[in-house]
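Sharing a structure here in structure tokens format.
Nothing in this text is a laboratory measurement; each read-out follows from the coordinates by a stated rule. Computed from a prediction, not measured in an experiment: that's the story for all the values here. Glycine also receives a Cβ, built like all others from the backbone with ideal geometry; neighbour counts cover every protein chain displayed.
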Amino acid sequence: MSRAIVVLTVLALAVPPIFLILAAAGREVLAVPAFFVIAIYMWVWLRFRPSAFVVHHDALEIVWPLKRRRILRGDIASARLIDRRQLRDEIGLGLRVGAGGLWGGFGWLWTTRRGIVQMYISRTDGFVWIERKSAGPWLITPERPEEFLRTISVIVCAFVAILATSAFAQSPPPAADDPIGTLVSRLDLERYKATVKGLTQFGDRRQGTGRNRAAVDWIEAQLKSHGCTNTERLEYTYQPPPPPVPPAASTANPANPPAAAGGGRPRGNRTRTGVNNDPNAQPDARLRALNTEPSTPGPREEVYCTKVGSTRPDEMYIVGAHMDGIGWGEAANDDGSGTALVMELARVFSGPDVQTERSIRFILWNNEESGLNGSTAYVTQRRELRGQEQPVGSGRYPEPKWLGMIQHDMMMFDHGMPRADGTMSPDQRPEADVNIEFQSNSRMAPESQALAWAFERANEKYATDYPAAVGPHMTNTDSNPFMNDVAAISLRENERGTQIGSGWDPQWHKPTDLFATYTDKDFRLGLNAAQTTLGAIAGLTGATLKK
Ligand SMILES: [Zn+2]
């Protein structure tokens, strides 16, 4: 509440006790107006003064002690922060109809410029103006207007793709007073490259080998050195499944167009894809020796660390990539590029001056290449623990409620479609982009799509070089085991099913997936994906910088 409203409220609240004291002192007649005034005050408290503004996935809910109202997401055209002067410009002259003075002003504001405005304010500045499509605007004062706007702008822009003037859409480039812009500027190309390079010292990091375990240890040490010190490991056992039975003759109707994994239709030139299992395809003797130990079934570990939210430690976004690889190379792009991205984000968010309201878990999956076994083990072991406080009253949540899962898998190589002769352009194509995919065929498809659009918005605001594109066919990646429980998306150099599945990445699972294969333009695409996720997650978790 602002000072003027506090003064008015105190004066108003003083009236009934004064009347009651005078009544007790002999002027009994004053008891009647005293109780009458108390009744009015209670009516204002219960019916006029909202106790909360709650942003849901599908609506903004205004809560009073005795009633609720919802403004549906589709009905919100925009929401923005305005000050007292901007309010005057917006409404011209205003006349209040309703309760006022006590705790604020509630009810209808008749205005010369905008007609009737629904008004629920307990401050005389720092208003939130909500423009509706079906009816007149609302003027409200949520307790923390910036946070409120961030949340509501995500649901509004995510779903309706309208963002008039809210958080991600204010047009000036990230300024010094934009903490998210400051955080994004803490990413840089050379650091990102150095982290990818560090991962390649363990060769292809194939699951079930000493080089894979050494890589997990190295990643954990790096996370700790970046300040993400509360590392933990998920343990599980991996037994390879029996070899698949060869499929019977196809029963597909030849009249149907071919479908890619995850849905979608492959187009244009296609080349053969597959995993290289031939050691001699690796001409570098040192790397061949490094990758020689075969995978053994048995116990496995994968590492994660968590940025604990300051006000909502019980809710988190999961940011992941898989650290294992395959194919007798260095797994630099698949998935050193995603692993380095997650590690760099852990570094930035663990900065001593960085605070987030919600939690963020940074996780490096193992056993992706064998069939998403590491992420599946995580979902199996931990989905029932979501939101539980342990011990009760401690404020600690070993597995906070999941708000979203964002996977990063192959971030760097977007050289376009193979040519007709099967060769590839040696250069990153100028129209390269970050492909954000959700799975339209999942239980959480609407929420996942909304999350994807929030990432696209963050890309427009914070990514320096490459745009993002949203597609509906997320597949074959560690966000899939999550997609029926929580909003889940993947970020990638190309669409997984229709493009990578058609041979758009010739290094995929091949001995040529080496640090030295990629140019700075390739690494820069990975960096832009990092900027996209960092910007989006900082907004969604309410990141701020301590002064
Ligand atoms: Zn991968």
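Based on the mean of other Cβ atoms within 10 Å per residue, sort peptides 386-392, 538-544 so the most packed one is first.
Sorting 386-392, 538-544 by mean packing, highest first, produces 538-544, 386-392.
Then there's this: Would you list the P(r) distribution for segment 427-520, with all Cα-Cα distances sorted into 10 Å bins from 0 and each bin expressed as a whole %?
16, 42, 32, 10, 0
May I pose another question? Would you grab the residues whose amide H sits under 5 Å from the one on ALA468? Only those 5+ places off in sequence or on another chain, please, with H modelled 1.01 Å from N.
Placed amide hydrogens put VAL434 under 5 Å from ALA468.
Counting other beta carbons within 10 Å of each residue's own, what order do LYS224, LYS546 fall into, fewest first?
By the 10 Å Cβ count, ascending, the order reads LYS546, LYS224.
Also, I was wondering about something else. Residue-wise, which Karplus ³J(HN,Hα) couplings in Hz belong to segment 347-359, taking 6.51 cos²θ - 1.76 cosθ + 1.60, θ = phi - 60°, and x for glycine or proline?
With the stated coefficients, segment 347-359 comes to 5, 5, 5, 8, x, x, 9, 9, 10, 10, 6, 9, 8 Hz.
Rounded to the nearest 500 deg cm²/dmol, what is the calculated helix-only ellipticity per residue at 222 nm for the chain, with -39500 (n - 2.57) per DSSP H run of length n ≥ 4?
Roughly -9500 deg cm²/dmol at 222 nm, from the helical runs in the chain.
With both bridge residues required to lie in segment 1-161, what share of the DSSP beta bridges run antiparallel, to the nearest 5%?
Bridges in segment 1-161 that DSSP calls antiparallel: roughly 90 percent.
For the pair ARG383 and SER51, what calculated FRET efficiency results from E = 1/(1 + (r/R0)^6), where r is the Cβ-Cβ distance and R0 = 30 Å, to the nearest 0.05?
Once rounded, the FRET efficiency stands at 0.40.
I would also like to ask the following. Provide the gained length on full extension for the span ALA4 to ARG68, in nm with one decimal, where the gain is 0.36 nm per separating residue minus the Cα-Cα distance.
Taking 0.36 nm per residue and subtracting the Cα distance, the gain is 20.3 nm.
Nearest-5 percent of antiparallel DSSP beta bridges in the chain?
65 percent
Give me P(r) over segment 307-545, computed from all C-alpha to C-alpha distances, binned every 5 Å, as integer percentages.
The distribution over segment 307-545 is 1, 7, 14, 19, 20, 17, 11, 6, 3, 1, 1, 0, 0, 0, given as percents.
In the structure displayed, which of LYS401/LYS547; LYS461/LYS546; LYS307/LYS547; LYS193/LYS547; LYS224/LYS510 lie more than 24 Å apart, Cα to Cα?
Table pairs above 24 Å Cα-Cα are LYS401/LYS547; LYS193/LYS547; LYS224/LYS510.
OK, next. With 10 angstrom as the radius, rank LEU30, LEU109, LEU385 by how many other C-beta atoms surround their C-beta, starting from the fewest.
By the 10 Å Cβ count, ascending, the order reads LEU385, LEU30, LEU109.
Excluding residues on the same chain fewer than 8 positions from LYS133, give the aspartates and glutamates whose Cα lies under 16 Å from its Cα.
ASP58, ASP75
Same structure again: If packing is taken as the mean number of other Cβ atoms within 10 Å per residue, what is the order of 264-272, 204-212, highest first?
204-212, 264-272
Further question: The chain: percent of C-alpha pairs farther apart than 37 Å?
Roughly 40 percent, once rounded to a whole number.
Whole Å is fine, so just give me how far the alpha carbon centre of segment 335-382 lies from that of segment 274-292.
28 Å
Can you tell me the Rg and Dmax of segment 359-405, counting just the alpha carbons, in angstroms?
Cα radius of gyration and Dmax of segment 359-405 are 12.5, 40 Å respectively.
Report, largest value first, the span of the C-alpha coordinates of segment 5-129 along each principal axis, in whole Å.
58, 31, 21
Can you sort SER490, SER153 by how many other beta carbons sit within 10 Å, fewest first?
SER153, SER490
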